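Asks: Sharing a structure, written as structure tokens. Questions coming.
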Amino acid sequence: MRANPFPIRLMVGGLLRPKDPRFGSDVAGRVEAVGENVKQFRPGDEVFGCAAGSFAEYALAREAYLALKPANRSFEEAAAVPVAALTALQGLRDAGGIRPGQEVLIQGASGGVGTFAIQLAKSFGAEVTAVCSTRNQDMARSIGADHVIDYTKEDFTRRPQRYDLILAANGYHSLSAYKRALKPQGVYVCAGGTIPQFLQAMLLGSLMSRNGGKKMGSMGIAKVIQADLVTLGELLEAGKIVPVIDGRYPLSEVPEAIRYVEEVHAQGKVVVTVESDDKS
């Protein structure tokens, strides 16, 4: 949010100030109008996906960045899905190569990415261990976690248990600690955490993967792929993923919503609503 530490500015664009001052990327709402080359959607369609500057009554989105919203789900639920669920899906499936029957650990399991990762891993047929704080244990179990580890009381990297796949949605251990917690052919995927965590995974992951069969690395930034949005929409419609929404703020209170996300470890997602016409 504040481009801190300073090197993050090279990633988000703008050394002194953001090149694009608009906030928001996830979006769900009704199509108001379409460009002449748009083929998939028409005015009145209910959609969800990604749009720059989505904290607004009207947002401009690319056709390829949207998918039809499931009719049985609210705009609020759909708006909570895109970036977090795309990150979880691509981290587990593409970077992690998840398979049925694997033992999968999700670190940072109570956040936006983590709550979707638990549910997606279960949909792939994995046995899931969630790592979260004491207050989030019941929530993690309620969305499908088979086992829960309280990180305030126990360090999972020092347990004898080993995992086929570790997805760190909020990582803070060293790469060597994660490697120790993997099975011989296990995979570690950095999907979030501090800047040092990303740098370690990106710069040292391939080097550490050379010795033995364990694979260490970062998934990078999630890509907005329409086919993946369609997949997530189908899972949302079927109830296989259910967004965990910590709070809802009207558009007029976006500063308060951002402040809450910065200051509190939110459970799942915080949603901004446009109540005047039931858009989110």
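The values are calculated or read from the model by the stated rules, or taken from the named source; none is laboratory data. Because the structure is a prediction, the values reported are computed rather than measured. As a convention, Cβ positions derive from the backbone with ideal geometry for all residues, glycine included, and neighbour counts pool all protein chains shown.
Asks: Applying the selection to region 236-245, what residues are surrounded by fewer than 20 Cβ atoms within 10 Å (Cβ to Cβ) and either touching a Gly at 6+ places or on another chain (Cβ under 7 Å) or in contact (Cβ under 8 Å) with a residue 24 or more places away in the chain (or both)?
Replies: GLU237, LYS240, VAL242, ILE245 - these are the residues of region 236-245 that are surrounded by fewer than 20 Cβ atoms within 10 Å (Cβ to Cβ) and either touching a Gly at 6+ places or on another chain (Cβ under 7 Å) or in contact (Cβ under 8 Å) with a residue 24 or more places away in the chain (or both).
Asks: Let me ask something additional. Regarding VAL189, is this residue β-branched (Val, Ile, Thr), within 28 Å of ARG141 (Cβ to Cβ) and outside the structural domain of ALA140 (by TED's automatic domain parsing)?
Replies: no
Asks: Can you pull out every residue in region 212-267 that is among the polar types (S, T, N, Q), modelled with pLDDT of 95 or more and in contact with a strand residue (DSSP E or B) (Cβ under 7 Å, 6 or more places away or on another chain)?
Replies: GLN226
Asks: Would you confirm whether any residue within region 35-47 is at positive phi and modelled with pLDDT of 95 or more?
Replies: yes
Asks: List, please: which pairs have Cβ atoms under 7 Å, are six or more places apart or on different chains, and start with a residue in region 153-166 that is touching a residue at least 24 places away in the same chain (Cβ under 8 Å) and end with one that is surrounded by 12 or more Cβ atoms within 10 Å (Cβ to Cβ) and of a type in the set (Asp, Glu)?
Replies: Close Cβ pairs satisfying both conditions: TYR163/GLU103; ASP164/GLU103.
Asks: Let me ask something additional. Quick one: how many residues across region 45-74 are in contact (Cβ under 8 Å) with a residue 40 or more places away in the chain and touching a Lys or Arg at 6+ places or on another chain (Cβ under 6 Å)?
Replies: Number satisfying all stated conditions: 1.
Asks: Evaluate the following for ALA130: is it in contact with a His (Cβ under 8 Å, 6 or more places away or on another chain) and either within 24 Å of SER218 (Cβ to Cβ) or buried (at least 21 other Cβ atoms within 10 Å of the Cβ) (or both)?
Replies: The answer is yes for ALA130.
Asks: Could you say which residue among ALA145, ALA117, ALA121, ALA109 is under 23 Å from ALA222 (Cα atoms), part of a loop (DSSP other than H, G, I, E, B) and under 17 Å from the mean Cα position of the chain (by Cα)?
Replies: That would be ALA109, the only listed residue that is under 23 Å from ALA222 (Cα atoms), part of a loop (DSSP other than H, G, I, E, B) and under 17 Å from the mean Cα position of the chain (by Cα).
Asks: Something else about it: Can you pull out every residue in region 249-276 that is in contact (Cβ under 8 Å) with a residue 60 or more places away in the chain and over 18 Å from the mean Cα position of the chain (by Cα)?
Replies: LEU251, VAL254, THR273, VAL274, SER276
Asks: Condition first: in contact (Cβ under 8 Å) with a residue 40 or more places away in the chain and not in a helix (DSSP H, G or I). Now tell me which residues in region 174-190 satisfy that.
Replies: Of everything in region 174-190, those that are in contact (Cβ under 8 Å) with a residue 40 or more places away in the chain and not in a helix (DSSP H, G or I) turn out to be ALA181, LYS183, VAL187, VAL189.
Asks: Follow-up. Could you tell me which residue of region 10-34 is surrounded by the most Cβ atoms within 10 Å (Cβ to Cβ), considering only residues that are β-branched (Val, Ile, Thr) and modelled with pLDDT of 85 or more?
Replies: Across region 10-34, the extreme among qualifying residues is VAL27.
Asks: Sticking with this structure for a sec: Residue check, VAL104 against (1) touching a helix residue (DSSP H, G or I) at 6+ places or on another chain (Cβ under 7 Å); (2) part of a loop (DSSP other than H, G, I, E, B); (3) surrounded by 14 or more Cβ atoms within 10 Å (Cβ to Cβ); (4) of a type in the set (A, V, I, L, M), all met but one. Which one?
Replies: Exception for VAL104: condition (2).
Asks: Residues being in a helix (DSSP H, G or I) and in the same structural domain as TYR188 (by TED's automatic domain parsing): count how many of those fall in region 203-258.
Replies: The number of residues fulfilling the criteria is 6.
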